[in-house]
Amino acid sequence: MAGADDSPFPPLLNELARVRRSNLTAAIGDVDKIIDLLANAREQVAADADAHRIGMAMTTLQNPVKAQLEAITNDLKEVTKAQKAFGKALDKAMPQRDLPMETDAMADHPALINRAIAMHLLREGQFSVASTFVREEQQQREQNETAAAMAHAHAHAHAHTHTGASAAATPRRDRDGDDDMNKDDDDDDDDQGIVDSKGNRNNNSNNDTGADAEMHSLHSEDLQDKFSEMYSILAELKQRNLGPAIEWARLNNARLEAKGSNLEFELCKLQYIWLFKGHAANGLPNDERNGQMGALAYAQRHFAPFQRRHLKEIQQLVCAMLFASNLEASPYRSIFEIDSAFEDVSTSFTREFCSLLGLSAESPLYMAVTAGSIALPRLIKYTTYMKEKKTEWTTENELAFETPLPESMIYHPIFVCPVSKEQTTEQNPPMLLPCGHVICRDSLHKISKGSRYKCPYCPMEGHLRDAVKITL
């Protein structure tokens, strides 16, 4: 099997980094310089009526403009050179050849592929590109349907021409025995229906399989507004402004708690720490709204609703006030280390936001393409080897070897309860306890006393209503 040194991707990544460095920034800067030169010359000409000085100004303008044009050409050469090198590296790393499959599993599902692409663009915030893609996909589909309808009409007319010629040679007779040369044949088409591009007859011209509706829903302003809101809040988080995210979590608190999410508390907790650190962290003056006093006032206003589920953490946050002068040597040091806290909370926010929309945190298209790119070289090498040996694996719907994927791409749909040692089912699903441990529902009810229980793996106690069902 292919080893780590056989991977073709490092050279490809190097060329990709070169492409990113060789962007159009320099060329745009040179164009701006030309615009400035021309604007200055125009002002000079407009302010001076002397034809001789105007001519001198225009002559003086030639060399700088020429130099900037040459600079633009050189800038574009660098960009073009980097793009060509990346193309060659891409062809070398992923040569075009037939995939080791008898059939293309997605060939009959273009609507699903187009929907995945459009959804990916929306998730990335590329709203104008997504709108253009959806519009052009719809136009292309309408053109294909029109072409198929015209082809069917032409074939139908051709068939009627032959039928008419045959009828001319052999007159038909009606029930009375009379020749019927001029009988109207228009009714022949009444029950023909419409034949689609695959030759299937459809008496209803509107054969909507749901693809059109799905693509239209992607084009809806509501969905775009949702993702626009998400990116707006993420931009604020990047600027260390937690206010919009906390407000969103508060408005969606009921739905988030139903899913077992602690997002609102995590955001409020980070806001407390951000205020607690004061001027050293946020640059704001320490007063009643910032610093230790501001943090304490914030806790008094906002921590009360979280006491039932997060009392211990709240106690730790407040008790840290006693060690404010030497927090680094306190037992709470780790709680107040927030170097990556804003990145972590941004990830959590994205996951919860997409969850409420019924979507995964990661783009399915990105996950499929990335996993496929990792697996494909090994798959091609293995199938080539098997063909040379003239052998094949016989197990259906699985590969003969395990594909090494990153942990983020490995999913385990089976959970074995650590208490009962049995696999969970739809009737006995895994339940997440507030302490973080997971057991099956039957085990949870067996260890409970009334409406309360004690976790079998830690001292934490809780109510049955606090346990959350996990969907794998």
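In region 239-265, the qualifying residues are those that are in a loop (DSSP other than H, G, I, E, B) and closer than 16 Å to residue 466 by Cα, and the one that is most open to solvent (accessible area, probe 1.4 Å) is 259. Residues that are surrounded by 15 or more Cβ atoms within 10 Å (Cβ to Cβ), farther than 19 Å from residue 232 by Cα and either among the acidic types (Asp, Glu) or over 12 Å from the mean Cα position of the chain (by Cα) (or both) within region 359-372 comprise 370, 371, listed in sequence order.
Against the condition open to solvent by less than 90 Å² (accessible area, probe 1.4 Å), within 36 Å of the chain's Cα centre (by Cα), among the hydroxyl-bearing types (Ser, Thr, Tyr) and on the phi < 0 side of the Ramachandran plot, how does residue 330 come out, does it pass? So residue 330 does not fit the description; no.
Residues in region 444-460 that are under 20 Å from residue 428 (Cβ atoms) and among the aliphatic types (A, V, I, L, M): 444, 447. The condition of being of a type in the set (A, V, I, L, M) and open to solvent by 30 Å² or more (accessible area, probe 1.4 Å) holds for only one of 322, 356, 317, that being 322.
Of all residues in region 15-39, exactly one satisfies the criterion of being of a type in the set (S, T, N, Q) and in contact (Cβ under 8 Å) with a residue 60 or more places away in the chain, namely 22. Counting only residues that are modelled with pLDDT of 75 or more, surrounded by fewer than 14 Cβ atoms within 10 Å (Cβ to Cβ) and closer than 24 Å to residue 95 by Cβ, region 389-427 holds 1 of them.
Listed conditions (1) over 20 Å from residue 228 (Cβ atoms); (2) surrounded by 13 or more Cβ atoms within 10 Å (Cβ to Cβ) are all met by residue 123, apart from (1).
Here region 266-288 is the region considered, the condition is being among the small types (Gly, Ala, Ser) and assigned to a loop (DSSP other than H, G, I, E, B), and the residue that is most open to solvent (accessible area, probe 1.4 Å) is 283.
The values are calculated or read from the model by the stated rules, or taken from the named source; none is laboratory data. Keep in mind it's a predicted model, so treat the numbers as computed, not measured. As a convention, Cβ positions derive from the backbone with ideal geometry for all residues, glycine included, and neighbour counts pool all protein chains shown. Areas reflect the complete protein model, heavy atoms only, side chains present, ligands, DNA and RNA absent. Shrake-Rupley method; radii C 1.70, N 1.55, O 1.52, S 1.80 Å.
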